[in-house]
1. Just from the alpha-carbon atoms, what are the Rg and Dmax of region 387-496 in angstroms?
2. In nm², what is the average projected area of the convex hull enclosing the Cα atoms of region 308-444?
3. Expected output is a single nm value to one decimal: the length gained when fully extending between residue 5 and residue 55, i.e. 0.36 nm times separation in residues minus the C-alpha distance. What is it?
4. Residue 101 to residue 133: FRET efficiency via 1/(1 + (r/R0)^6), r the Cβ-Cβ distance, R0 22 Å, to the nearest 0.05?
5. Once the principal axes of the Cα atoms of region 6-132 are found, what is the range along each, listed largest first in whole angstroms?
6. Just subtract the alpha-carbon distance of residue 452 and residue 401 from 0.36 nm times their residue separation and send over the number in nm, one decimal.
7. Modelled label-to-label distance, residue 318 and residue 271, 7 Å Cα→beta-carbon offset: nm?
8. Residue by residue through region 51-68, which ³J(HN,Hα) values in whole Hz follow from phi under the Karplus form 6.51 cos²θ - 1.76 cosθ + 1.60 (θ = phi - 60°), with glycine and proline marked x?
Amino acid sequence: MTETRIRFGILGCANIARKVSRAMLLSPNTTISAVGSRSLNKATAFALENHFPESAKVYGSYDAVLDDPDVDAVYVPLPTSLHLKWAVLAAEKKKHILLEKPVALNVGELDTILEACESSGVQFMDATMWMHHPPRDIHIPSHQPKLSTQNFHIQKMTETRIRFGILGCANIARKVSRAMLLSPNTTISAVGSRSLNKATAFALENHFPESAKVYGSYDAVLDDPDVDAVYVPLPTSLHLKWAVLAAEKKKHILLEKPVALNVGELDTILEACESSGVQFMDATMWMHHPRTVKMKDILCDQQKFGQLKSVHSNFSYKGEGDFLKNDIRVNPNLDSLGALGDQGWYSIRAILWANDYELPKTVTALRDPEYNELGVILSCGASLNWNESGKVATFYCSFLSNLSMDIIALGTKGNFRVHDFVIPFNEKVGPFYAVANSRWAELSTGCVPEPSEFKITTDLPQEALMVQEFARLVEGICNGEAKPEKKWPILSRKTQLVIDAVITSIKNGFEPVEVVY
């Protein structure tokens, strides 16, 4: 097959563009070269969220996409009233046009568009997707009661599976190893522990494949040529050493959060990954749930949500039994960030996600955090401010409070809330609640309308979707078709920067700390 790929530019960041941009990345003969929006921040966030190639350019206008010499064709998902203007301009710029339907407000406008395309010699197509669904023909032998896949002229999915090695036998590794077995494009090749007996028991208890190897060291996993990628659920204090070693061994890295004790350590890890050309991703599972995409759609709806004004998130659970004495998360030599690193990471990521990953100007820790006798944070909170924009956010995390996993986002026209964003209560259903244009019906009786409940279903749990997406990126790198996706290192670094700012604010007497990328 030819290696030529048609380079698409996208005009606008409509919801349907998420689906079509994914199609451009899946298609073997296309790539995304640029995206433009009237808001540069929106275009940047859209490119990050939808896994655009590192080479893709983002613009704060539609004209810039049309003027880009690296764009062969444009996909236009703009409101229909804008189709005439931008399709004609695209044709005049010699850009082939894939135009969302309806293609025009009337046939007169469409004729003008088609005349411009014909005059410029460019291809025109409307985006009626079902017209392209295979098969175009099906052979059904009269003697055959059931059809086999041979009757359908559909390209088979690759059988390549990314081979994981696991460093350590932490409890969270049980959940993620199950995900590796559920994901259609991954398998478990090896597990290593400082104790060979522990690694052996872990593999048996978690139903590893017979072919999976067990080792009595982490080094042995990294030296295994049958391991493509490693999942690292070790204590945070060990991340720097083992993530760097893994990168040097050309192993792609799925790293548990918090990814490092500070941004300096993380930068060293990311530099090692970049130097070795390996993919890095943190294991923030909720980012991969389809509910997260639907909630983002609500956030981006200017009619029903408006402008984001405030976000609050909390993640807490009460440490029972020996947790507060013996768990690694309360040991300063293993996970000195305590609740801030273990739980605050999720809430900080939620706040950044809601704000299109725009870092706050300042972070101020809330007074009176709680510590154990060894100086590890057991509960804390902070406020984040974007100053001139008027946006604010707060979060709270605790090992001392009842289980809660909430995001509450407030807009000028609507709001939404979710009560189990970290780990859904039901792994197959992710609910959340949203309401728009609320008003008092009667002060004595309440307000209308009532919040609507959205239930987003998924066949695979979010951790399996995370592993599947990570493996997709790794496969592209291994096949020489792609470079490491930089979205994930950027999001990890921004999250770590806010954690660092909270720590600094506490040390500085709860003064505001400026956040600079």
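We did not get these values from a lab; they are worked out from the coordinates using the rules stated. Note that this is a predicted model, so its numbers are computed, not measured. Neighbour counts run over all protein chains shown; Cβ positions are idealised from the backbone, glycine included.
1. 19.4, 66
2. On the way: hull surface 44.8 nm².
Directional mean of the projected Cα hull area for region 308-444 stands at 11.2 nm².
3. Gain on stretching residue 5 to residue 55: 16.6 nm.
4. Numbers: r = 16 Å, r/R0 = 0.72.
So the FRET efficiency works out to roughly 0.85.
5. Sorted from largest, the Cα extents of region 6-132 read 38, 30, 24 Å.
6. Details: separation 51, 0.36 × 51 = 18.36 nm, distance 2.83 nm.
Gain on stretching residue 452 to residue 401: 15.5 nm.
7. Inter-label distance under the simple model: 4.6 nm.
8. Each residue's phi maps through the Karplus curve to give 6, 5, x, 4, 7, 5, 9, 10, 10, x, 7, 7, 4, 4, 5, 5, 7, 6 Hz.
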